[in-house]
Every structure is written in C-alpha cells, then in structure tokens.
Amino acid sequence: MEHLQTQGISLPRLGLGTFRMQGEVCRAAVECALGLGYRHIDTAEMYGNEDAIGAAIAASGITRGDLHVTTKVWNENLAPEAIRRAFDASLKKLRLNHVDLYLVHWPARSMNLPAIFETLLRLKQEGRARAIGVANFNIALLKTVVEEIRAPIACNQVEYHVMLDQTPLRKYLAAKSIPLVAYCPLAQGRAASDPTLASIGRKHGASAAQVALKWLLDQEGVAAIPKASRSESQKANLDCLKLRLDDADRRAIAALPKDKRCVNPGFAPAWD
Ligand SMILES: NC(=O)c1ccc[n+]([C@@H]2O[C@H](COP(=O)([O-])OP(=O)(O)OC[C@H]3O[C@@H](n4cnc5c(N)ncnc54)[C@H](OP(=O)(O)O)[C@@H]3O)[C@@H](O)[C@H]2O)c1
C-alpha cells in the first residue's frame, strides 16, 4: 500500500470509510477490513461508531504504529473546551492513547479559526493527535488556515470522485503540498453502476467501482476512503490498486458529468 507523507504522518492512500455503519455491523466490517489488510480507518464523533471501531481495533492485535486512525470533531463542538471534551471522548471510545489525524469535520457559520487551531495544535504538541487537519474547507477557508494562521494541516478531506470536478481546490492544495482525502469516492455507490466506468472495467477485467477508485489514486496527493460493509467490496476496493488505466480510459472519465455533488456543506462560503 502506498502512503502519503504529510506533516509527520504516513497516510495509507486507501482507507475504509465508516459513515452510516454502527454497532455490531460496524465492528464486524472494520474487523474484516483490518483482516484484509486495511490500515487506515476513517471515523468521526458524529458517526456514533467510534466505540465499535475501538472494539475492532482492540480485537485485531495490529501493532498501533502500523495503523492510521482519523477522527473528527463535529461543528457544534468547535469552542476550545468543547474540542477538548470531544477529543477525550473520541479517544476513550476508540480505546487509543492517540489518533493519527484529528480533523475539523465541517465548518460552522461562526467559528473562531485561530482559537480552534490553537487548541488542535496543543493536542498535537501533547502527542495525542499526531497530525491535525480539516474537512469540507473551501479555498477561502483554507487560505485563512494555511496563509494567515499558518496551521500545519495534514489534509483537507472533501467530496471527490469521477462525477465531481475539484480542479481549483486540488490546485490550491497541491501548491501547498497538502493531500486531498477523497470522501464519497464512489459517489455514494453511484459510480459502481455507471455504464462508462463498467465498460472501461470490462476492458481490464475490473469493476466500475475499481475504475473509479483507481482514477482517484492515480492522482498525486490524493487518498480515498471508500465505505464498504461487505467483505467482497472491501477486497475489490483494495484490489483496485492492481488496475492500470490508460489515456483512453482517462479521456472517457474526463467526459463524464462533473457536477454530481452528493454532500453539500451549504452554509459554508461558496465552493470554488
Ligand atoms: N468529512 C465528511 O464530511 C465526510 C462526508 C461523507 C463521507 N465521509 C467519509 O467518507 C467515507 C466514504 O463516503 P460514503 O460512505 O458517503 O460513500 P462512498 O464510499 O462513495 O460509497 C459507499 C457505498 O458504495 C458501496 N460500495 C463500496 N464498495 C463497493 C464496490 N466495490 N462495489 C459496489 N459498491 C460498493 C457501499 O456499499 P456497502 O456498504 O453495502 O458495501 C456503499 O453503499 C464515509 O464512510 C466517511 O468515512 C466524510
């Protein structure tokens, strides 16, 4: 598995998303994924599944240093004391002494960015979050964080897939050497039934979903966190790494509609 080096952490480029999985279903899915070789698990306090993920990690016996765990603070908890409380609760549920990446999950209408990043930086300095970052930040917000506050963010986690253009955001992140972690990398499953992707897949003995994931992972500085509850899908998604897309495939994917956003952080300043 390839990794992205960012702000002192080594981020496996393919991780397991866990949104909308909870309890026993989530525990079993994460245990299965760890068994298949996944070493990057994406969760959030808002998903209500950190306890299930903690149980799966504890049962796996995997050396902590070989595992990357991302969690996120929800946007109702962005005041300094609330961040600390949320962080402590997340660690406890995950049964961990530290997380590898702690993200601001979603911008809030009125948020004090300098105070937020001062708090996150403290968690990093204390060694309890190995790196910090953001999710759903547009270019305007990123500029404040990166150029004014100068926070050492290790990624921006945003929606990105074959049906959504993110060129301006990608260019900004690339210029600052900040990885883009693609969420909804399968357009919430829609990519798996797209006829263009299916036809590209047939050519290579692969599935449409594998084509969609490999297209993302062929891009420099991009990681992806597909969610899959079924072991066959988890394995298929890992196996996308073996696929070799050619120029004709990339042209066909470039011609797909690029305005199919699944998640809209609507209250945030305009997406650019
Ligand atoms: N930061 C944020 O605000 C934010 C927002 C949204 C998501 N996320 C993160 O990103 C992760 C991924 O996004 P997502 O879960 O919304 O959507 P997604 O990963 O694009 O799609 C998940 C769907 O695709 C299906 N699937 C997975 N692999 C497949 C395969 N090989 N063939 C066919 N179908 C397949 C899954 O089915 P099964 O589950 O039935 O296997 C599920 O229905 C989330 O779980 C979460 O961790 C973050």
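The values are calculated or read from the model by the stated rules, or taken from the named source; none is laboratory data. Model, not experiment: these values are computed from the prediction. Reconstructed Cβ throughout: ideal geometry from the backbone, glycine too, with neighbour counts over all protein chains shown. Accessible surface is based on the protein model in full, side chains and every heavy atom, while ligands, DNA and RNA are left aside. Shrake-Rupley method; radii C 1.70, N 1.55, O 1.52, S 1.80 Å.
Got a number for residues in the range 221-236 being out of contact with any helix residue (DSSP H, G or I) (no Cβ under 7 Å at 6 or more places or on another chain) and more than 6 Å from the ligand (Cβ to nearest atom)?
Total meeting the criteria: 2.
Cβ contacts < 7 Å: first residue under 21 Å from TYR183 (Cβ atoms), restricted to the range 247-264; second residue within 16 Å of the ligand (Cβ to nearest atom) and modelled with pLDDT under 95, any location; separation 6+ or different chain. Result?
none
Of all residues in the range 39-78 being touching a Pro at 6+ places or on another chain (Cβ under 8 Å) and open to solvent by less than 50 Å² (accessible area, probe 1.4 Å), which is modelled with the lowest pLDDT?
Among them, the one singled out is ASN75.
Give the residue that is farthest from the chain's Cα centre (by Cα), with candidates limited to residues of the range 161-191 that are within 15 Å of the ligand (Cβ to nearest atom) and open to solvent by 60 Å² or more (accessible area, probe 1.4 Å).
ARG190
Any idea which of ASP259, ASP246, ASP239 is within 30 Å of PRO107 (Cα to Cα), open to solvent by 10 Å² or more (accessible area, probe 1.4 Å) and either charged (D, E, K, R) or within 8 Å of the ligand (Cβ to nearest atom) (or both)?
ASP259
If I ask for residues that are more than 12 Å from the ligand (Cβ to nearest atom) and either under 13 Å from ASN237 (Cβ atoms) or under 19 Å from the mean Cα position of the chain (by Cα) (or both), which ones from the range 28-38 would you list?
GLU31, LEU34, LEU36, GLY37, TYR38 - these are the residues of the range 28-38 that are more than 12 Å from the ligand (Cβ to nearest atom) and either under 13 Å from ASN237 (Cβ atoms) or under 19 Å from the mean Cα position of the chain (by Cα) (or both).
Do you know which residues across the range 79-123 are open to solvent by less than 20 Å² (accessible area, probe 1.4 Å), assigned to a helix (DSSP H, G or I) and not small (Gly, Ala, Ser)?
Result: ILE83, PHE87, LEU91, LEU94, LEU113, ILE116, PHE117, THR119, LEU120, LEU123.
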